[in-house]
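Asker: Quick one: the structure is below, questions incoming.
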Amino acid sequence: MRAEGGVDGRLPGLLLGVMDGGHLERRVLRLIEERLPMSRGGRLVAAAGCVVVIGVLSAGVVMAGVRPIHFAEEAQLLHSTGPLPAYEAATIKLAKDDGRQQAGQRSPSEFVIHDFTVKDLLQMAYGIKSDNQLEGVSGWMTSEHFDVEIKLGDEEIAAEQKLPIMQRVDRWALLMQRLLAERFDLKTSEAMKDVQVYELVVAKGGAKVKASEMVDDPERPGTKKPAQGPFERLRGPGKMDATGVPMSLLGEALGRLPDLGGGQNFGGGRMVLDKTGLAGLYDWSLVWTPSNVEAGAASPNPEAPGLFTAIEEQLGLKLVSAKAPVQVLVVDHIEQPSEN
């Protein structure tokens with residue numbers, strides 16, 4: 001089946017969070033009530049802008065609705081610098097859309113995904129930040145939902161475990177690119193497209209974010225890690241904080257907020273490009289009055305300013321509207337997944 005038509009902007013972009021051995025090894029955007037079920041039309045999720053529920057599997061591994069965060073050049077698709085990682089086996093089944101999208105590493109050899117559309121898989125596999133970066137998606141690619149289980153061989157497990165966590169997350173995304181090519185017969189091309197974005201810059205008074213305290217990482221001698229975190233979490237509508245995260249992640253989170261045009265759940269918002277020039281990891285806290293408070297409803301933070309003002313006053317940063325070329329993934333051909 002060949003995909004035709006445009007993009008359905010209502011379904012979520014996704015972010016990867018994995019807990020390994022009881023230690024959070026990936027910055028995870030999360031709701032204040034971590035075990036709250038995610039609803040596609042849920043107002044809390046819409047206010048959150050970019051997070052799904054975190055659930056605990058029997059193996060003791062936390063899973064979250066996922067999309068990898070990439071720290072390469074802004075607005076570019078994820079590419080492999082060598083052969084794509086391989087899997088030993090993979091099963092794909094139609095899933096009931098139960099509104100509880102989840103994905104994560106259940107064990108060193110297993111990666112599981114629940115309730116994803118093909119659009120979601122593409123967003124995860126290529127590090128897509130906005131619907132503006134995806135073309136040729138429609139029909140069953142946005143309406144049919146799949147459960148996927150991927151099993152790695154011993155050689156791949158050994159290779160993965162030698163990598164820092166950020167590279168490990170990207171490796172799982174590249175694994176999904178292979179799965180889409182082999183099981184969905186995905187063929188893509190790329191193009192550059194000028195789109196409206198926000199640039200995150202340092203305000204006149206200077207940045208107010210705090211450089212994260214770093215400590216030696218005992219698991220990787222000679223390297224440092226944040227003393228706390230790394231994580232970024234949403235503590236309810238209009239409240240977000242972080243420790244041990246790069247400025248690019250702040251841009252990722254802001255870009256999915258309804259205040260900046262984010263979609264009903266997660267995707268579709270205007271991209272926020274990090275132009276602060278602030279390298280390294282930072283701690284920050286942000287409180288604002290959401291712009292999408294329903295008529296007659298009380299503001300969750302009545303004393304707080306709007307998002308744009310809050311960013312400048314509390315973080316010493318500023319959002320500037322701009323137009324920038326971004327890399328776009330075009331789906332040229334795709335078919336229903338082959339049998340297991």
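Asker: I'd like to know if the range 235-246 contains one or more residues that are at pLDDT below 80, more than 19 Å from Val195 (Cα to Cα), part of a loop (DSSP other than H, G, I, E, B) and among the small types (Gly, Ala, Ser).
Answerer: yes
Asker: Quick test of your reading of the structure: Val169 fulfils all but one of (1) at pLDDT 85 or above; (2) among the aliphatic types (A, V, I, L, M); (3) surrounded by 20 or more Cβ atoms within 10 Å (Cβ to Cβ); (4) part of a helix (DSSP H, G or I). Name the failing condition by number.
Answerer: (1)
Asker: Tell me, which residue of the range 123-165 that is hydroxyl-bearing (Ser, Thr, Tyr) and at pLDDT 85 or above is surrounded by the most Cβ atoms within 10 Å (Cβ to Cβ)? Spell out how you get there, then give the answer.
Answerer: Within the range 123-165, the first condition is being hydroxyl-bearing (Ser, Thr, Tyr), and the residues that meet it are 126, 130, 138, 142-143.
Right, trim to at pLDDT 85 or above and you get 126, 138, 142-143.
Details: Tyr126: 26, Ser138: 16, Thr142: 19, Ser143: 13.
Here the answer is Tyr126.
Asker: Let me ask something else. Of the residues that sit in the range 219-244 and are buried (at least 20 other Cβ atoms within 10 Å of the Cβ) and touching a helix residue (DSSP H, G or I) at 6+ places or on another chain (Cβ under 9 Å), which one is farthest from Tyr282 (Cα to Cα)?
Answerer: By that ranking, first place goes to Pro237.
Asker: Using beta carbons and a limit of 7 Å, which pairs, at least six apart or on different chains, have the first residue in the range 226-253 and without any contact (Cβ under 8 Å) to a residue 24 or more places away in the chain and the second one among the β-branched types (Val, Ile, Thr) and surrounded by fewer than 22 Cβ atoms within 10 Å (Cβ to Cβ)?
Answerer: Qualifying pairs under 7 Å: Ala227/Val215.
Asker: Quick one: which of Gly267, Gly261 is in contact with an Asp or Glu (Cβ under 7 Å, 6 or more places away or on another chain) and at pLDDT below 70?
Answerer: On the way: Gly261 fails: in contact with an Asp or Glu (Cβ under 7 Å, 6 or more places away or on another chain).
Exactly one of Gly267, Gly261 is in contact with an Asp or Glu (Cβ under 7 Å, 6 or more places away or on another chain) and at pLDDT below 70, namely Gly267.
Asker: Still on this model: Within the range 283-335, track down each residue that is part of a loop (DSSP other than H, G, I, E, B) and at pLDDT 95 or above.
Answerer: Gly316, Ile334, Glu335
Asker: May I pose another question? Report yes if Asp185 is surrounded by fewer than 16 Cβ atoms within 10 Å (Cβ to Cβ) and either in a helix (DSSP H, G or I) or touching a strand residue (DSSP E or B) at 6+ places or on another chain (Cβ under 7 Å) (or both), otherwise no. Walk me through it before giving the result.
Answerer: On the way: surrounded by fewer than 16 Cβ atoms within 10 Å (Cβ to Cβ): yes; either in a helix (DSSP H, G or I) or touching a strand residue (DSSP E or B) at 6+ places or on another chain (Cβ under 7 Å) (or both): yes.
Taking the combined requirement at face value, the residue satisfies it.
Asker: Of the conditions (1) among the hydrophobic types (A, V, I, L, M, F, W, C); (2) in the same structural domain as Gln101 (by TED's automatic domain parsing); (3) modelled with pLDDT of 95 or more; (4) under 27 Å from Gly280 (Cβ atoms), Ala181 satisfies every one except a single condition; which number is it?
Answerer: (4)
Asker: Is it fair to say Ala158 is of a type in the set (A, V, I, L, M), part of a strand (DSSP E or B) and under 30 Å from Lys225 (Cα atoms)? Break it down stepwise before answering.
Answerer: Numbers: of a type in the set (A, V, I, L, M): yes; part of a strand (DSSP E or B): no; under 30 Å from Lys225 (Cα atoms): yes.
Criteria not met by Ala158.
Asker: Among the residues of the range 303-329, count how many are within 21 Å of Leu78 (Cβ to Cβ) and surrounded by fewer than 15 Cβ atoms within 10 Å (Cβ to Cβ). It would help to see each step written out before you state the result.
Answerer: First, the residues of the range 303-329 that are within 21 Å of Leu78 (Cβ to Cβ): 324-329.
The next check asks that each one be surrounded by fewer than 15 Cβ atoms within 10 Å (Cβ to Cβ); those that pass are 325.
Residues in the range 303-329 being within 21 Å of Leu78 (Cβ to Cβ) and surrounded by fewer than 15 Cβ atoms within 10 Å (Cβ to Cβ): 1 in total.
Asker: State whether one or more residues within the range 131-142 are part of a loop (DSSP other than H, G, I, E, B) and touching a Pro at 6+ places or on another chain (Cβ under 6 Å).
Answerer: At the first step, the residues of the range 131-142 found to be part of a loop (DSSP other than H, G, I, E, B) are 136-139.
Right, trim to touching a Pro at 6+ places or on another chain (Cβ under 6 Å) and you get none.
Looking through the range 131-142, none of the residues is part of a loop (DSSP other than H, G, I, E, B) and touching a Pro at 6+ places or on another chain (Cβ under 6 Å).
Asker: A further question follows. How many residues does the range 298-337 contain that are touching a strand residue (DSSP E or B) at 6+ places or on another chain (Cβ under 8 Å) and under 30 Å from Tyr87 (Cα atoms)?
Answerer: 9
Asker: If the Cβ limit is 6 Å and pairs must be 6+ apart or interchain, which residue in the range 314-326 that is on the phi > 0 side of the Ramachandran plot pairs with which residue that is buried (at least 18 other Cβ atoms within 10 Å of the Cβ) and assigned to a loop (DSSP other than H, G, I, E, B)?
Answerer: Listed pairs, sorted by first residue: Gly316/Ala207.
The values are calculated or read from the model by the stated rules, or taken from the named source; none is laboratory data. Only a predicted model underlies this, so the values are computations on that prediction, with no experimental measurement involved. FYI the Cβ positions are ideal-geometry reconstructions off the backbone, even for glycines, and counts take in every protein chain you see.
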